[in-house]
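Single-structure report; data block below.
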Amino acid sequence: MPRLLIAGPPGVGKGTQSAILAAGLRVPAISTGDMFRALKAAHGDLAAEVQAVMASGRYVDDDLTNRVVAERLLRDDCAPGFLLDGYPRTLPQLDFLHRWLAERGLAIDAVIALEADEEVTARRMAARALLDGRPDDTVEAFRVRLRMYAEQTRPLLDVYEEIELLRRVDGSGTVDDVAERVWAAVHP
Ligand code: ADP
């Protein structure tokens, strides 16, 4: 029963790889970014606030994020396992997730850390900005997202390394190349 996380800097291709890996493992890929983007479709103050935070490149509030994830993990499709993409992103989120799972006798099996040079991620982000027009793919928001990642999220990798869950994967090259490396890292 695979319970996995996929992490990595903005633009590294987490979303693409998590969809491929989750399909291969037959577990749901749960992206907090996608869940928050879907919120925009609904109207109301909360949706507008989340939308504004995301567009700036900053992180959504921890308590709100934790509640959204916990609710999602309770759904039946997560019983065979799950792949969380983009969560946890802060130490309080990490603490929450592991406590929440432990209360249910569950644990994370492995953390895939996708790695690529900033040059590669910046190039991919620029290409995506042209294709999708995501509001947080502006140069300024991307700069904020890189800083948020460096300050708040990268330290989580040290935690996962310490408890021997971390599997580092080279995220450069074609989508297929990376997918093969990810699959190998999950099946050592
Ligand atoms: P990327 O992987 O390119 O950073 P995501 O789709 O994962 O893009 O996330 C987009 C935005 O959604 C983030 O910049 C942040 O504002 C918000 N977000 C996603 N996941 C989280 C999280 N775990 N905690 C707080 N904010 C989040």
Check your understanding: Does at least one position in the range 98-113 carry a residue that is near the ligand (Cβ under 10 Å from one of its atoms) and within 27 Å of ALA141 (Cα to Cα)?
Key -> no
**Study point:** Given (1) surrounded by fewer than 18 Cβ atoms within 10 Å (Cβ to Cβ); (2) within 26 Å of LEU106 (Cβ to Cβ); (3) modelled with pLDDT under 95, index of the condition ASP63 fails
**Key:** (3)
**Study point:** helices (runs of 4 or more DSSP H) (entirely within the range 1-88) containing at least 2 residues that are within 11 Å of the ligand (Cβ to nearest atom), hydrophobic (A, V, I, L, M, F, W, C) and within 17 Å of the chain's Cα centre (by Cα)
**Key:** 32-39, 45-56, 62-73
Review point. Only one of (1) modelled with pLDDT under 95; (2) closer than 25 Å to GLU161 by Cα; (3) surrounded by fewer than 16 Cβ atoms within 10 Å (Cβ to Cβ) fails for ALA48. Which number is that?
Key: (2)
Practice item. Go through the range 90-188 and tell me which helices (runs of 4 or more DSSP H), entirely inside it, have 2 or more residues that are of a type in the set (S, T, N, Q). Key: none
Point to revise | Unique residue being within 16 Å of ILE6 (Cβ to Cβ), hydrophobic (A, V, I, L, M, F, W, C), surrounded by 16 or more Cβ atoms within 10 Å (Cβ to Cβ) and at pLDDT below 95 when the list is ALA116, ALA110 | key: ALA116
Exercise for review: Give just the number: which of (1) modelled with pLDDT under 95; (2) buried (at least 19 other Cβ atoms within 10 Å of the Cβ) does VAL69 not satisfy?
Suggested key: (1)
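The values are calculated or read from the model by the stated rules, or taken from the named source; none is laboratory data. Because the structure is a prediction, the values reported are computed rather than measured. Every residue, glycine among them, receives a Cβ derived from its backbone with ideal geometry; neighbour counts consider all protein chains shown.
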